[in-house]
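Working notes, beginning with the structure itself.
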Amino acid sequence: MRGISNFVNLLVSLIILLLPVCVYPLEIRGTLITSIPTRDGLVIVADKMVNDRKRGDQDTVTKIIPISKFVVFTTTGCPEILDANTFEPSYSVKNIVMKFYSLYKGNLSDSYTPLSKELLQEFNNFLGKTDYLDWPESIDYPDNCLFQVTFFSFNEIECQFHTDTIRFLYEKKFPNPSIRIMLYKEPSESFAYSKLFVFGKTAVFEEIMHGHDSRFDDLRSHNEIKRFLFQQAKIKDISKNEGVRFCKFFIRESGRLDHLIEPSPFHIGITVDAGIIDKKKGFLWLERNSSK
């Protein structure tokens, strides 16, 4: 009997070895970043939701990342690709950006071109080690944006806030993908009023601003929506607490209504982090892991 038992154990072990191993990368997607200039500084609020094919939704990720006293960055889209077995990053925009700025000593405005080259080189390295069938797909049509990195900063010399975004446009093609990198700089006059900036899953914002779907009429007529999206609210009249409160409201409403426009498994979360870039003190956290 012992001989039969040993044979069965050996057979089971061989079957396990022959079973296919899940090696496809897991793409992390889903994010809404919001920002409002206030009299106290530039408020930044981000949801904490990510989603991958194996673990589903996880409402736990910090998306506002400080890299110096007056500079933070956020990522949206698919900025991280994980190994499906170990969950270790196969490609991580956050890690690349953090490493880059740990070594970079120049001006922030001059850094975006060399950073873009680094993001591209590391992405090509990832593709070179990955089977074509496992390359990521872009879902943000029409421009095929795989991810974007947005920098929020305050320039002490200019006494001016800045928002700069690197967009990584990628289309899966064999044998060579189509990749373009574009830089968007928010005009300085955009910071003359307290208005809402949004990055990531912006479908609800775009519908409110430019659409005609009657299901969104209640939001278009909402006093705070009109104040921060359509009117030119004076910065001196808006406190950081008002900015945070509206950003949280907009993230919550976007999460509730996004499926009406863009049905997808990638959801906007209800838990948020909030911070501010103060002109004197630099970046400060205002709320962490807030769901109210």
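The values are calculated or read from the model by the stated rules, or taken from the named source; none is laboratory data. Computed from a predicted model, the values in this text were never measured in an experiment. Virtual Cβ from ideal backbone geometry, glycine too; neighbours counted across all protein chains shown.
Numbers for the structure displayed
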| item | result |
| --- | --- |
| Qualifying positions in region 182-197 - part of a loop (DSSP other than H, G, I, E, B) and either of a type in the set (A, V, I, L, M, F, W, C) or in contact (Cβ under 8 Å) with a residue 40 or more places away in the chain (or both) | 193, 194, 195, 196 |
| Selected residue [under 24 Å from the mean Cα position of the chain (by Cα), over 24 Å from residue 51 (Cα atoms) and not charged (D, E, K, R)] from 259, 210, 222 | 210 |
| Residue ranges of strands (runs of 3 or more DSSP E) in region 62-154 with at least 1 members over 23 Å from residue 45 (Cβ atoms) | 80-83, 89-92 |
| Candidate set from region 220-266 (those that are free of Cβ contacts under 8 Å to residues at least 40 places away in the same chain and crowded, with 19+ Cβ neighbours inside 10 Å); member that is nearest to residue 277 (Cα to Cα) | 229 |
| Options 153, 178: the member that is over 28 Å from residue 258 (Cα atoms) and touching an Asp or Glu at 6+ places or on another chain (Cβ under 6 Å) | 178 |
| Residue match in region 48-70 (condition: of a type in the set (S, T, N, Q) and at pLDDT 95 or above) | yes |
| Hits in region 188-206 (condition: closer than 25 Å to residue 168 by Cβ and among the acidic types (Asp, Glu)) | 206 |
| Tally, over region 155-181, of residues that are in contact (Cβ under 8 Å) with a residue 60 or more places away in the chain and either part of a loop (DSSP other than H, G, I, E, B) or among the aliphatic types (A, V, I, L, M) (or both) | 3 |
| Residues of region 24-59 satisfying the condition of being assigned to a loop (DSSP other than H, G, I, E, B) and over 12 Å from residue 272 (Cβ atoms) | 24, 30, 39, 40, 53, 54, 55 |
| Per-region count, region 113-168, residues surrounded by fewer than 17 Cβ atoms within 10 Å (Cβ to Cβ), among the hydroxyl-bearing types (Ser, Thr, Tyr) and under 30 Å from residue 279 (Cα atoms) | 1 |
| The one condition in (1) within 24 Å of residue 51 (Cα to Cα); (2) touching a Phe, Trp or Tyr at 6+ places or on another chain (Cβ under 9 Å) that residue 95 fails to fulfil | (2) |
| Condition met for residue 61 (in contact with a Leu (Cβ under 9 Å, 6 or more places away or on another chain), crowded, with 16+ Cβ neighbours inside 10 Å and not basic (Lys, Arg)) | no |
| Conditions (1) hydroxyl-bearing (Ser, Thr, Tyr); (2) more than 24 Å from residue 58 (Cα to Cα); (3) within 21 Å of the chain's Cα centre (by Cα); number of the one not met by residue 254 | (2) |
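Residues checked against (1) under 22 Å from residue 266 (Cβ atoms); (2) in contact (Cβ under 8 Å) with a residue 60 or more places away in the chain:
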residue	(1), (2)
39	no, yes
55	yes, no
95	yes, no
102	no, no
115	no, no
128	no, no
